[in-house]
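J.: What follows is a structure written as structure tokens; I'll ask about it next.
The values are calculated or read from the model by the stated rules, or taken from the named source; none is laboratory data. A quick note: this is a predicted structure, and the numbers were derived from the prediction, not measured. Because the Cβ atoms are built from the backbone with ideal geometry, glycine has one as well, and the counts that use them run over all protein chains shown.
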Amino acid sequence: MSEVDDVYGSPTAEELLQAVREWLERELVAEGTGRQRFDARVAANVLAIVERELAHGDRHRRRHAERLASLGITDDRTLAALIRSGDADHRLAEIAATVGETVADRLAVDDPGYPT
């Protein structure tokens, strides 16, 4: 996206998040006391999650909606009710695959190093 296309200009939200995360990692994690390093590491991890969600969230949300639609439902609450009711027991393999794909997308944002 060019600066002309973005009403907020530069730096972008993603660039700001990255800069703050890198500063936390460089300055506080490396130089702080034990508690400061821990707090800085937690904050840097949160910022990294937000960065990944901004980068992948729209695609993941779209894919999740498509998966739910393939099951004939529109949201997670309806999926949970369907599973609890037992009315979809004959489709458990399909539902498990759908849920597994969504879990993999979530892990790609929350903990990309987690083996899926």
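Every residue, every condition in (1) under 30 Å from Val50 (Cα atoms); (2) of a type in the set (Gly, Ala, Ser), yes or no:
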{"residue": "Ile73", "(1), (2)": "yes, no"}
{"residue": "Ile83", "(1), (2)": "no, no"}
{"residue": "Gly86", "(1), (2)": "no, yes"}
{"residue": "Asp89", "(1), (2)": "no, no"}
{"residue": "Ala97", "(1), (2)": "yes, yes"}
{"residue": "Glu101", "(1), (2)": "yes, no"}
{"residue": "Arg106", "(1), (2)": "yes, no"}
{"residue": "Val109", "(1), (2)": "yes, no"}
{"residue": "Tyr114", "(1), (2)": "yes, no"}
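J.: Residue check, Arg106 against (1) in contact with a His (Cβ under 8 Å, 6 or more places away or on another chain); (2) more than 22 Å from Arg21 (Cα to Cα), all met but one. Which one?
T.: Arg106 satisfies every listed condition except (2).
J.: If you go through region 102-116, how many residues are in a helix (DSSP H, G or I) and not acidic (Asp, Glu)?
T.: Result for region 102-116: 7.
J.: Considering each of Arg67, Arg21, Arg35, Arg26 in turn, give the residue that is without any contact (Cβ under 8 Å) to a residue 60 or more places away in the chain, more than 17 Å from Gly100 (Cα to Cα), basic (Lys, Arg) and in contact with a helix residue (DSSP H, G or I) (Cβ under 6 Å, 6 or more places away or on another chain).
T.: Criteria check complete, one pass: Arg21.
J.: Output the qualifying pairs, or none if there are none: Cβ atoms under 7 angstrom, residues six or more apart or on different chains, first residue in region 38-60 and more than 20 Å from Arg26 (Cα to Cα) and modelled with pLDDT under 90, second residue of a type in the set (Val, Ile, Thr) and not in a helix (DSSP H, G or I).
T.: none
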